[in-house]
1. Taking H as built 1.01 Å from N, whose amide H comes closer than 5 Å to the amide H of B:G15, not counting residues under 5 places away?
2. What is the sum of charges around A:V45, taking Lys and Arg as +1, Asp and Glu as -1, for the other residues whose C-beta is under 13 Å from the C-beta of A:V45?
3. Note down the relative contact order for chain A as a percent, whole number, built from C-alpha pairs under 8 angstrom at least six residues apart.
4. Exposed loop GluC sites (Glu not before Pro) only (DSSP loop, at most 12 other Cβ atoms within 10 Å): please give the longest stretch of chain A free of them, not including the sites.
5. How big is the charge dipole of chain A about its Cα centre, in debye rounded to the nearest 20, if each Lys and Arg gets +1 on its Cβ and each Asp and Glu gets -1 on its Cβ?
6. Run the simple label-point estimate for B:F181 and A:L383 please: 7 Å along Cα→C-beta, distance reported in nm.
7. Counting helices only, and only those DSSP H runs with n ≥ 4, report the 222 nm mean residue ellipticity of chain A as the sum of -39,500 (n - 2.57) divided by its residues, in deg cm²/dmol to the nearest 500.
8. If I model a spin label at A:T424 and A:S241 as a point 7 Å from the Cα along the Cα→Cβ vector, what separation in nanometres do I get?
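Where a number appears in this text, it was derived from the coordinates with a stated rule and is not lab data. This is a predicted model, so every value here is computed, not measured. Cβ: placed from backbone, ideal geometry, glycine included. Neighbour counts: every protein chain shown.
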Amino acid sequence: MNIPNPSTAPVPGEYAGDEVSAIVLDPGYWTTRAGFAGEDVPKSVCPSFYGQLDNDSGAQYLFGENAIHTPTGNLEIKNPWGADGIVEDWDTATKIWEYAITSRLTGAKAGDPAKNGLNDGTNANGDSMDVDIDALDNQEKPLEDSPLLVTEPGWNSAKAREKYIEIAMEEWGAPAFYLQKTGVLAAFASGKASGIIIDVGASHTSVTPVLDGMVLRKGVQKSPLAGNFVSNQTRLVFKQSQPEIPLTPHFMVKSKTPVDAGVPAQAMYKTFGVPPTDSFRRLEEERVLTEFKESVVEVWSGPGRLSNGNNEDISKAMPGRPFEMPDGWNQVFQGERFRPAEGLFDANAALQDADNPRPKDEHTIPRLVQQAVQHVDTDQRPLLLSNIVITGASTLLYKFNDRLSHEINQLYPSTKNRLVAPGTVVERKYAAWIGGSILASLGSFHQLWISRKEYEEHGPGIVEKRCR
Amino acid sequence: MPPFKDDQIIIIAPGSETTLAQLGLPESFTPARLRVRSRMFAAEKEGEWEPYKIRRRQNKAEEASGGDERLYEEDRVSEEGAVWPIQEGRIVDWSCFFALITHVYNALNPPFHTPILLIAQPVWTPKEHEKLTQFFFEKFKTPAFGLLDAALATSWAYGVHTSTVVDVGKEKVDVTAISEFIPHTQGRVMSLPGCGGEALTQGLLARLKSKGLNREMCEQLKKSPICEILPPDVSLPGTKEASEHAPITNPAAAASTGAPGSGPAAASAIGTAPRGPGVDTEVGDDANAEEAEGVLDVASIVAGGKMNEYLAKKEKEKQEKAAAKKKGNADAAAANAARPIRLPNSKREKVTFLYVDHALLDNLKNMNLGSEKLAEAQSTLDEGPQRKGEEGADGESHSAVEANGTGEHGTATRNGSIRREIEVGTERFMAAEDGVLERIADAVHRTISSVDEVNKRSELWDSLLVCGNGSKVRGFKEALLATIQTKYLISPSSATIFTSEIPSNISTPAGTGTNTPQPQLGPHGGAPAHVNPLLYAATTAQTQHLMPHGTPTPLMPGMSHNQHSSHGQTPTSIKYVKPPEYFPEWKEVGFDESAFLGAQVAAKVIFVVDQGQSKGYMTRPDYNEQGPTAIHDYAL
């Protein structure tokens, strides 16, 4: 609270994160995180998936948890992110992010009573027209009094970066804007200015070398071997098991009856007038798979790969973990539970079928780290290797860190390698957001904001110059 | 010396339907003293609001003299043209909402030094919190102001630190996982639409519309004790199994409910059917079945101008009925002696309930009748229990009939509203047939699954809390629990047992590893018949491999995996938290409004007991210094 005199308002144009509540937006493939700078967790965590209902009157979009999990006929579940880890569908992405911000942070703009639509008609005709336009303007700019810090993946294209600032300035009317890479922010969240950030998310795994708060751009590595890959591997485990393990999402089941392990399920199933779409089913299946990943899947902790020596036999001898499907089918998983995540480290071990080709060797996490480190000066390597920051929800896979530590020590036996993995789940999942929250509330950060004036002067190209 | 005294504290709990408020904390906490319907009426001047509908009354004499003077009267019952500022928990009309709060505040008539604790709906955003803070400090000049999350308040009321609060409101459901008194904001399901009390009313309406019932009737049916939500596995009465017993075991009920046909026709057998489970069953004549036409929609008859004929007919009918009743009383006495135990509601096919017809009353009032005539028409149309006149407080009959209601109607009836009897069939059990319970169950599952700490989840499943007036419908909570259990419970007979608990016949391994688990089952060949074969296989499999390796470590990772997630998968059990025993006044009325009780407890703690140490509220100097944004630092 460093206002000199509490009764004077801050000078307009002075963007102080402490006083003016800056909003930090951390969009991801699985969830979109948003919250006020200076807080320790994002208040708003919304799914990045959205529902689309095609009516005669055009497409209707549904956002938020509540809307996308109700089985409705013709409800298509989509995601605005492209396969390359860059936003593809900008229009919808903007809406999702706006939803994440307005639904839980700022609230819909209420406006004054003359504009809230309830008192229309009392005015003369001409007046109410004006009011309507005002109200429309008001609604279109949800962020008029909050500077916005957005995170971006390390490989974002210049075009995409300009798009970010356009959305913030033009559509949301933000007074100030800044763009920062997730890698740097995750490092900040762990209190590091330099390090290698390994971020295993839903759609992508990225390895980002950061030196003194700057990303070494050519060193940034990404691969599609991440949470969704593990989910697909889990599907393959189910499919290739004998007999095949049925994956029935919760919404299909009316009630289940306990059955013995391995016995076909005896559940009452629901019937739908209009069957839910495949994309909806897939999203709901993903919920079951998430539960499976949380409670059953384990990363072979090493040393060595799962396929080395008799490691596989040892893994089979480990106590099994039971799992019950929504329809009541249940089984104890023993050796199989090490399979889904092994592909992250060993491309040969990944299960394959027609839809899931063998992943490339250079996409495994150890190889990503190796390539990232190769792009760094030799004398900087020990510094970075002693600060390996682990983040992303998929790193919460059981024993992930043990394995990673073994792999890295094998690659770099001569340096002192240290993994920095936040202990609490929240910090691991939302590291980039937390870093953004810290950054945006720093006093010294104020000079970095790109103000509206600057944007209007220089156009969207300014983001390339200012946000490195 | 605490900064505030018990009797100075104001608690306000705004809701979509009812706003609760109270000034002062009594020695033993009581339900809210002030209950206000959360609606206001637009005043003549734009932007101003009135708490009651203002009706313009023309006085004939004045009209004749051409006087411009108009008379206004407050109509405390009518809800025509009301604006409800809170919808689905969200504040949609701020000026109306502020007017409502001001009305509540004035109704409490507080002295100067009163801190205010406001129960905040989960869906309110931080920005809205700031707005509220500003309003309370600037408008009421309150010395201290606190915001308490509704879900958190509920957990305070129950005194549990970890719980999953399911708040069933009017049009929405909020599901909040709370661990160690901290709500998980990330995965919280807020304002799930189409699941609250209103959805149940609509569910009834969808089924009873064809029988001539309107929304208001369904709303009251829902609040009457005959409306019930049956657990998923209970069959409806009238279906094969149930109907076999019903008429046989209760000849009296059969006599009264066995009238041929259903819906309006049967409903017209006024006063003859059992009035409901709370009241004695009468047996009478079925003579006036020809009344069937339009009997439900008296309001439109009245509005249509045929009132006088209708009133005359009604009067006649009443006299007949009274006569019949005298005769009937004798019969009933005889029947009473022979009558076996009355059937529970869930076994009956048809039951009647008393309907308080506000629309009719509105229409009557709109007709500008003199007050005498109005009263006359009212008493003619009123089909409530005859003793109403004598009964000063008309407490008993109503508390029975409206046990589910908000209590608001009890006062409304006193103002001379019109009650009629309506009979309904098994539709009354179908309020939640549209998947309301399943949607709530899914929301609970989603909420708990999104709690990051996996090991907390099983505790959250074990401490479900259902509150909110939407859940008052009879059987709702039981049916919800049954729905959740049939869908999500991981059955204990499955393989889960091995990892969730160490089987009792294996001793707990000590940290040193010396106490390696020993199989105490029979020899490897023959598992005892009563042991689950999987249990046997798993335990022996573990130990078989433990032995050759000669070290207990392979087991230890398994155990630590359990630490990471104490149960592999949740839930292995689902339970409701028992309501606290030590609030006698609350025990009487139920804990549906437990958020208010929680707020009382919290107010006592933050304002009085800890003397402001916990920063549970913001003081006026704080506000002056830091402005409304600082409220986030003070919220509980």
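1. Correct list: B:L20.
2. Numbers: positive: A:R33, A:K43, A:R104, A:K429, B:R188, B:R446; negative: A:D26, A:E39, A:E65, B:D452.
So the surrounding residues net to +2.
3. Numbers: 894 pairs, mean separation 94.2, N = 468.
Relative CO of chain A lands at 20 percent.
4. That gives A:15-243 as the longest site-free run.
5. 1900
6. 4.6
7. Numbers: 16 runs with 146 residues, N = 468.
After summing the helix terms and dividing by the residues of chain A, the value is -9000 deg cm²/dmol.
8. The two pseudo-label positions are separated by 3.5 nm.
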